[in-house]
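Structure first, then comments.
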Amino acid sequence: MSTNPVVPLLDLKPQYQSIKSEIDEAVARVIASQIFILGPEVEAFEKEIAEYCGIKYAVGCTSGSDAIVLALMALGGKPGDEVLCPSYTFFATGGAVARIGLKPVWVDIDPVTYNMCPVLTAEAAKSCKKLKAIMPVHLYGQAADMVAFEALAARLNVSVVEDAAQAIGSRDAQGVPVGVRGAIATWSFFPSKNLGGFGDAGMCTTNSAELADSMKMLRVHGSKVKYIHTVVGMNGRLDALQAAVLRVKLRHLEAWHAGRQRNAAFYDGAFAAAGASDSRTPLTSHQKGGIAMRFPYKIPAPARHIYNQYIIRVPQGMRDDLRAHLTAQKIGTEIYYPVPLHLQECFEYLGTKPGTLPHTEAASLETIALPIFPDLTPDQLRHVAERVVQYVAANSKSAVSV
Ligand SMILES: Cc1ncc(COP(=O)(O)O)c(C=O)c1O
């Protein structure tokens with residue numbers, strides 16, 4: 001009798017096993033050197049990341065959250081300056097802005113891509129008084145509309161900071177790698193990212209020598225010459241152990257992207273065959289013979305989605321029940337992001353009321369992430385697709401608003 005496979009949302013053990021000797025050798029090399037903070041491993045990793053991203057300078061730092069802080073500080077952000085950013089994102093996007101006293105100005109998303117909407121960004125900019133930067137997030141690994149944000153920033157004479165934490169290797173609709181167009185891009189190597197470290201790690205990239213110098217200084221307490229401090233910075237340095245691990249992993253990143261893309265194509269095909277549409281069709285529109293779920297719209301080539309997450313959308317009333325059903329079937333899922341930033345208690349002071357960002361609020365109630373990591377087996381993928389389709393099909397009639 002065949003048993004259904006267990007499917008975690010993410011399992012990094014097979015990945016480690018597949019590159020164990022390379023990783024162990026790199027870690028041993030750092031331990032033998034006894035150089036643990038910055039140093040040659042970090043410099044080599046910065047050079048390799050800059051090359052991979054097609055950007056001149058890379059500055060390794062403690063995390064993707066601190067990368068945002070460093071970027072905004074290097075751009076001269078002062079308390080009270082405004083930053084246009086999405087609310088439907090991981091907390092750090094807005095948290096890092098607020099941590100140094102800047103003011104997040106929330107912008108709603110495009111419900112098709114879940115990325116910050118350029119039209120609504122331009123609209124929100126009109127009421128800004130001290131706008132410093134526009135900060136789109138390349139959410140789930142699909143690039144935001146960078147041409148539109150670049151043009152808007154030029155018109156408003158502000159900078160674009162790309163929160164590229166989830167999107168290393170992704171390309172926009174014009175085929176330009178994420179991170180290239182912005183003044184600064186910030187990256188996270190949190191373990192669950194496509195390129196994930198063995199702990200916290202992050203990076204800032206830029207084509208400006210001046211900004212790179214500034215971020216290098218800011219990550220060591222604002223000091224260029226030891227014990228001489230021109231500005232107040234932070235302890236934002238990258239560890240050599242993380243850099244050594246990430247250098248090994250970078251060599252395999254393209255193969256892992258390909259695995260995620262293959263898995264996404266399998267889900268897309270299975271869900272389309274079962275009558276689901278992609279996210280261009282609103283959930284509320286009735287489709288004859290269709291089921292009440294949407295799989296992610298993928299912007300066509302030369303764009304490139306790297307699927308840090310694979311997000312489906314089902315009606316509000318169904319989402320949590322679907323999750324419980326999948327949990328009972330031993331399938332891991334996650335809700336990104338159940339409470340949008342503008343509705344978080346810590347941001348109440350900004351005064352953004354419920355209902356202000358309708359696409360963000362709907363997405364937070366309707367989206368759910370399925371396992372997508374490259375080591376999933378065909379059996380696991382099939383099991384996930386079948387269980388999702390079975391549940392959604394059985395519950396679609398009552399769920400779709402016609
Ligand atoms: C969109 C986004 N921004 C920022 C961050 C912060 O990165 P870190 O966890 O490395 O601080 C993350 C990490 O999950 C993220 O997904």
Residues satisfying the stated conditions in the range 73-123, i.e. closer than 28 Å to Asp278 by Cα and more than 22 Å from the chain's Cα centre (by Cα): Ala122, Glu123
Filter result for the condition that a residue is modelled with pLDDT of 95 or more, β-branched (Val, Ile, Thr) and not in a helix (DSSP H, G or I), over Val42, Val112, Val30: Val112
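Per-residue answers, yes or no, for (1) among the acidic types (Asp, Glu); (2) within 15 Å of the ligand (Cβ to nearest atom); (3) at pLDDT below 95:
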position	(1), (2), (3)
Glu162	yes, yes, no
Gln166	no, yes, no
Gln174	no, no, no
Pro177	no, no, no
Val180	no, no, no
Ala201	no, yes, no
Candidates Tyr337, Tyr391 - the one that is out of contact with any Leu (no Cβ under 8 Å at 6 or more places or on another chain) and hydroxyl-bearing (Ser, Thr, Tyr): Tyr337
Ser285 being at pLDDT below 95 and either more than 18 Å from the chain's Cα centre (by Cα) or surrounded by fewer than 18 Cβ atoms within 10 Å (Cβ to Cβ) (or both): yes
The range 154-167, residues that are out of contact with any helix residue (DSSP H, G or I) (no Cβ under 7 Å at 6 or more places or on another chain) and surrounded by 24 or more Cβ atoms within 10 Å (Cβ to Cβ): Glu162, Ala164
Selection from the range 264-313 of residues that are within 17 Å of Leu381 (Cα to Cα) and of a type in the set (Val, Ile, Thr): Ile311, Ile312
Answer residue from the range 345-371, given it is touching a strand residue (DSSP E or B) at 6+ places or on another chain (Cβ under 8 Å) and among the hydrophobic types (A, V, I, L, M, F, W, C) and is farthest from Thr121 (Cα to Cα) among those: Leu370
Filter result (among the hydrophobic types (A, V, I, L, M, F, W, C) and part of a helix (DSSP H, G or I)) within the range 9-26: Ile23, Ala26
Leu322 surrounded by fewer than 19 Cβ atoms within 10 Å (Cβ to Cβ) and either in contact (Cβ under 8 Å) with a residue 24 or more places away in the chain or small (Gly, Ala, Ser) (or both): no
Some residue of the range 261-273 being in contact with a Gly (Cβ under 9 Å, 6 or more places away or on another chain), buried (at least 16 other Cβ atoms within 10 Å of the Cβ) and at pLDDT 95 or above: no
Selection count where residues are surrounded by 22 or more Cβ atoms within 10 Å (Cβ to Cβ) and farther than 20 Å from Gly141 by Cα, scope the range 242-260: 4
Enumeration of residues in the range 203-226 that are in a loop (DSSP other than H, G, I, E, B) and at pLDDT 95 or above: Asn207, Ser208, Arg219, His221, Gly222
Any hit, the range 127-134, residues being in contact with a Leu (Cβ under 6 Å, 6 or more places away or on another chain) and either of a type in the set (Asp, Glu) or not in a strand (DSSP E or B) (or both): no
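Condition check ((1) over 21 Å from Leu139 (Cα atoms); (2) more than 10 Å from the ligand (Cβ to nearest atom)) across all residues:
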| position | (1), (2) |
| --- | --- |
| Tyr57 | yes, yes |
| Gly60 | yes, yes |
| Ser65 | no, no |
| Ala71 | no, yes |
| Gly76 | yes, yes |
| Gly95 | no, no |
All positions within the range 101-120 that are within 9 Å of Pro86 (Cβ to Cβ) and among the β-branched types (Val, Ile, Thr): Val107, Ile109
Residues (of a type in the set (A, V, I, L, M), under 23 Å from Leu84 (Cβ atoms) and part of a loop (DSSP other than H, G, I, E, B)) located in the range 326-354: Val339
Selected residue [more than 30 Å from Gly179 (Cβ to Cβ), surrounded by fewer than 16 Cβ atoms within 10 Å (Cβ to Cβ) and touching a Pro at 6+ places or on another chain (Cβ under 9 Å)] from Thr327, Thr377: Thr377
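The values are calculated or read from the model by the stated rules, or taken from the named source; none is laboratory data. Remember, predicted model here, so these are calculated numbers, not experimental data. Please note: Cβ atoms are built from the backbone with ideal geometry, for glycine as well, and neighbour counts cover all protein chains shown.
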